[in-house]
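A quick write-up on the structure given underneath.
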C-alpha cells in the first residue's frame, strides 16, 4: 500500500493551523489567569547525541550486500550499540504528542519537513539535534555521501504484531535511503510485490 503523501500533507497543515490559531475569548481569559505549573515531563535524552566511534562499522557495498534479487541493498548488523539503541528509544518516547501521526497499524513522526507539491517537493524544517547526530554518523560511515546527506526522517513505531503492507515510496526518497531498526530485527529487504505479503516486526529486541 503506497503512502498517501497528500493525506499526510492535509493532516500536517490542519495541525499547523490549530497550533497557530488564536484562542477563543473565553479561553484567552482563562489562559491569562495564574495557574499551577504543569507536571514535569518524563526525563528524556533531548540533549543526547550519537557519538562518533572509530569502531562503528563503515559501509562496504560488497561486504554488506544482500542477495535478495534487488541490486544496491545492504545490511550492516550491530551498527549501533545496545546503549545507543536505548538512548534513541528514550529520545523517541520523549517526543511531544503532537509530533506523532496515528496511522493504521503504526504511529509516525515526519522529521525534517513535510512533503509538499511545491518547494522542491518538501517544506524543510531542522531535524531534532539527536536525529541530526545520527544522520551525521551515517555520512561519516559512508552510508550517505557527504554531498547528499540525509535531510528527512520517517520515524515509525510498530507494536508487536503490527506491520505495514508492501508499498512503493515516491521519488522524494531517491536515490538513497537507510533504515535503522531499533528493538527489533531488521525489516525484510525490498522485493517484487507479492499479493497478501506484509512487513512484520518481532517482539524480540535485536539490532
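The values are calculated or read from the model by the stated rules, or taken from the named source; none is laboratory data. Because the structure is a prediction, the values reported are computed rather than measured. Glycine gets a Cβ as well: all are built from the backbone with ideal geometry, and neighbour counts include every protein chain shown.
Applying the condition of being farther than 20 Å from residue 121 by Cα, touching a helix residue (DSSP H, G or I) at 6+ places or on another chain (Cβ under 9 Å) and in contact (Cβ under 8 Å) with a residue 60 or more places away in the chain to the range 137-167 and asking which residue is surrounded by the most Cβ atoms within 10 Å (Cβ to Cβ) yields 143. Scan the range 110-122 and tell me whether some residue there is in contact with a strand residue (DSSP E or B) (Cβ under 9 Å, 6 or more places away or on another chain), in contact (Cβ under 8 Å) with a residue 60 or more places away in the chain, buried (at least 18 other Cβ atoms within 10 Å of the Cβ) and assigned to a loop (DSSP other than H, G, I, E, B). Scanning the range 110-122, I find no residue that is in contact with a strand residue (DSSP E or B) (Cβ under 9 Å, 6 or more places away or on another chain), in contact (Cβ under 8 Å) with a residue 60 or more places away in the chain, buried (at least 18 other Cβ atoms within 10 Å of the Cβ) and assigned to a loop (DSSP other than H, G, I, E, B), so the answer is no.
Here residue 134 meets the list (1) more than 22 Å from residue 57 (Cβ to Cβ); (2) crowded, with 18+ Cβ neighbours inside 10 Å almost entirely, failing just condition (1). Can you name every residue in the range 90-105 that is in a helix (DSSP H, G or I), surrounded by 15 or more Cβ atoms within 10 Å (Cβ to Cβ) and out of contact with any strand residue (DSSP E or B) (no Cβ under 8 Å at 6 or more places or on another chain)? Scanning the range 90-105 gives 90, 91. So, residue 172, is that one part of a strand (DSSP E or B) and in contact with a helix residue (DSSP H, G or I) (Cβ under 9 Å, 6 or more places away or on another chain) or not? In short, no.
If the condition is being modelled with pLDDT under 85 and under 30 Å from residue 86 (Cβ atoms), then the range 27-72 contributes 37, 38, 39, 40, 41, 42, 43, 44, 45, 46, 47, 68.
Listed by first and then second residue, the pairs with beta-carbon distance under 9 Å, at least 6 apart or on different chains, first residue in the range 168-190 and at positive phi and surrounded by 14 or more Cβ atoms within 10 Å (Cβ to Cβ), second outside any loop (DSSP other than H, G, I, E, B) and modelled with pLDDT of 80 or more, are 183/85; 183/86; 183/89.
Can you name the residue in the range 61-75 that is free of Cβ contacts under 8 Å to residues at least 24 places away in the same chain and in a loop (DSSP other than H, G, I, E, B) and is also farthest from residue 126 (Cα to Cα) among such residues? Talk me through it step by step, then tell me what you get.
Here is the first cut: in the range 61-75, the ones free of Cβ contacts under 8 Å to residues at least 24 places away in the same chain are 61-65, 67, 71-72, 74.
Still in the running and in a loop (DSSP other than H, G, I, E, B): 61-64, 67, 71-72.
Details: 61: 30, 62: 33, 63: 33, 64: 31, 67: 36, 71: 32, 72: 29 Å.
Checked the range 61-75; the qualifying residue farthest from residue 126 (Cα to Cα) is 67.
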